[in-house]
Amino acid sequence: MPDETSSRRAGLAYGIGAYALWGAMPVYFLQMRPAGPFEIVGWRILFSLVFCALLIVATRSWQRLRAVLHDRRAALLFGLAGALVYINWTIYVGATTTGHVVEAALGYFINPIVTVLLGVVVLRERLRPGQWAAVAVSAIAVVVLGVEGGTPPLISLGLAFSFGLYGLVKKRAGARVDPLSGLTLETVWLAPVAVVQLLVLGLGSGLAFGTAGWYPSLMLASAGVGTAVPLLLFASSTRRLPLSVAGFLQYLAPILQFATGVFLLHEPMSPGRWAGFALVWTALVLLVGETLLHGGLRRRAAPVPIA
């Protein structure tokens, strides 16, 4: 029991560390200015690949990576996952560097609802009444935010659906692929795109890396570590924590991002925007409450094991 308790404490610490780092990403990306979103994403891909390669060498994980490369289906799925994470990164970095941190946070608030909806559409799962209620309230929130802003919250929806589909593809790829091999393969697929992207930028408006001073260049070079470390902390956390605890921790990142946008960067929050967020938070309360209730009912209905 003491070993299990210490393992859960470590898992909780790893989880908080991962989501706290993800929550601080808006401030992190702002330190890379004057680099634009496409340059930041390009360097993020390349330096993530370099960092993953160093970790694989240090941990002697070539065999696991080779096994994934020999699995044609898994390799193709991680190519698709790489395309989705590229879309997600580009939208997120673009949002956080152009004054839309609050809208980006909204995307990760509604991501659990989108994941539930994708389960219905793609996996043909059947929702319980409480889950349908959460989806309905979220849809009303999107309408309210669209009316208030004049257009639908496209940044939020883009982030939620790209990350939701990314999780779905990773699930299809299977749990047998460890996070380090998965991230390495995704960045291998994206590396040619990043190189072309950076070459086009270099020939056009020019690159900030190496020309805008040592601090932005250092921040850009650290993008590999900044990408891989939270992911590895997250993987270590999920191995040690019950799914219910890990599910609650996921809300830490958008809470921190929302606080950063409102209180640190002073992004405007009109009454209509507060109303939309209140509806989203209501939907999350419904979803979490329904999940806890259903889990409790299932535990009470389970047969008592014979000693």
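Here the condition is being modelled with pLDDT under 90 and in contact with a helix residue (DSSP H, G or I) (Cβ under 8 Å, 6 or more places away or on another chain); of 36, 79, 11, it holds for 11 alone.
Of 244, 217, 205, which residue is more than 16 Å from residue 38 (Cβ to Cβ), of a type outside the set (A, V, I, L, M) and modelled with pLDDT under 90? Before you say what the answer is, go through the steps one by one.
Working: 217 fails: modelled with pLDDT under 90; 205 fails: more than 16 Å from residue 38 (Cβ to Cβ).
From the options 244, 217, 205, the qualifying one is 244.
Take the conditions over 18 Å from residue 138 (Cα atoms), at pLDDT below 90, hydrophobic (A, V, I, L, M, F, W, C) and buried (at least 18 other Cβ atoms within 10 Å of the Cβ) and apply them to residue 287. Does it pass? The answer is no for residue 287.
Residue-wise test of (1) outside any loop (DSSP other than H, G, I, E, B); (2) farther than 23 Å from residue 269 by Cβ; (3) among the aliphatic types (A, V, I, L, M); (4) in contact with a Ser or Thr (Cβ under 7 Å, 6 or more places away or on another chain).
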{"site": "92", "(1), (2), (3), (4)": "yes, no, no, no"}
{"site": "95", "(1), (2), (3), (4)": "yes, no, yes, no"}
{"site": "103", "(1), (2), (3), (4)": "yes, no, no, yes"}
{"site": "124", "(1), (2), (3), (4)": "no, yes, no, no"}
{"site": "132", "(1), (2), (3), (4)": "yes, yes, no, no"}
{"site": "135", "(1), (2), (3), (4)": "yes, yes, yes, no"}
{"site": "146", "(1), (2), (3), (4)": "yes, no, no, no"}
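Does region 220-241 hold any residues that are in contact with a helix residue (DSSP H, G or I) (Cβ under 7 Å, 6 or more places away or on another chain) and either under 17 Å from residue 32 (Cα atoms) or part of a loop (DSSP other than H, G, I, E, B) (or both), and which are they? Answer for region 220-241, where residues must be in contact with a helix residue (DSSP H, G or I) (Cβ under 7 Å, 6 or more places away or on another chain) and either under 17 Å from residue 32 (Cα atoms) or part of a loop (DSSP other than H, G, I, E, B) (or both): 220, 221, 223, 224, 225, 226, 227, 241. The condition (being part of a helix (DSSP H, G or I), surrounded by fewer than 16 Cβ atoms within 10 Å (Cβ to Cβ) and touching a residue at least 12 places away in the same chain (Cβ under 8 Å)) is satisfied by just one residue among 40, 45, 16, 56: 16.
Could you tell me which residue of region 59-76 is farthest from residue 192 (Cα to Cα), considering only residues that are assigned to a loop (DSSP other than H, G, I, E, B) and not acidic (Asp, Glu)?
Once the filter is applied, the top-ranked residue is 60.
Here residue 233 fulfils each of the conditions (1) aliphatic (A, V, I, L, M); (2) modelled with pLDDT under 90; (3) loosely packed, with under 12 Cβ neighbours inside 10 Å apart from (3).
The values are calculated or read from the model by the stated rules, or taken from the named source; none is laboratory data. As the structure is a prediction and not an experimental result, all values here were calculated from the model. Here the Cβ is made from the backbone with ideal geometry for all residues, glycine too, and neighbour counts use every protein chain on show.
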